[in-house]
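Input: a single structure, listed below in structure tokens.
Since every read-out is calculated from the coordinates, none of them should be taken as a lab result. Given the structure is predicted, the values throughout are model-derived calculations rather than measurements. For neighbour counting, all protein chains shown are included, and Cβ atoms are generated from backbone atoms with ideal geometry for every residue, glycine included.
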Amino acid sequence: MTERWTDERLDRFADKVDRIADKIDQQGEQIGRLIEALYLELPNIKAEINSVREEAREQRETLHAELVEIKEITRQQAVVAQTQAESIRMMIEMLNRKQA
């Protein structure tokens, strides 16, 4: 059995469709505002990313310079340690000769 579409029923259906269409329009407007806000914020986001990237580059350069410096200091300390070890060997040899 088929239901009849009375004027009253058609009016209710049309009202419901109108309400849904209004909600869709409102949501579309909200989405538009959010997209606009995001679009306006993009330059700030990009600037922040660039700032972080620059800071990371500077830190990397600083770390590299410090590592080079540490490497040089370690090399110098190794030379000093080798010289001191040689001096100690010579002193031991001199003491051994003196005692002999």
Report task. List the aspartates and glutamates whose Cα lies under 15 Å from the Cα of K46, skipping any in the same chain that are fewer than 8 positions away. Result -> E54, E55
Query raised in the report: Among E86, E72, E48, which one moves the most in a GNM of the chain with springs linking Cα atoms closer than 10 Å?
Result: E86
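Calculate for the chain the 222 nm mean residue ellipticity that helices alone would give, adding -39,500 (n - 2.57) per DSSP H run of length 4 or more and normalising by residue count, nearest 500 deg cm²/dmol.
Numbers: 1 runs with 93 residues, N = 100.
Mean residue ellipticity at 222 nm (helix-derived): -35500 deg cm²/dmol.
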Requested in this report: Using the Cα centre as the reference, give the magnitude of the dipole from point charges on the C-beta atoms of the chain (Lys, Arg: +1; Asp, Glu: -1; all else neutral), rounded to the nearest 20 debye.
Outcome: 1040
Query raised in the report: Using the alpha-carbon atoms, what tilt in degrees (0 to 90, nearest 10) does helix 7-99 show relative to the longest principal axis of the chain?
Result: 0
Query raised in the report: In the set [x] 22.6; [y] 13.7; [z] 15.7, which value of Kirkwood radius over Cα pairs in Å was calculated from the structure you see?
Result: [x]
Requested in this report: Just name one of L38, S87, L10: the one whose Cα is farthest towards the positive end of the charge dipole of the chain (beta-carbon charges, Lys/Arg +1, Asp/Glu -1).
Outcome: S87
Report summary line: Quick calc: nm separation of the 7 Å Cα→Cβ label points for E41 and E3 -> 4.4
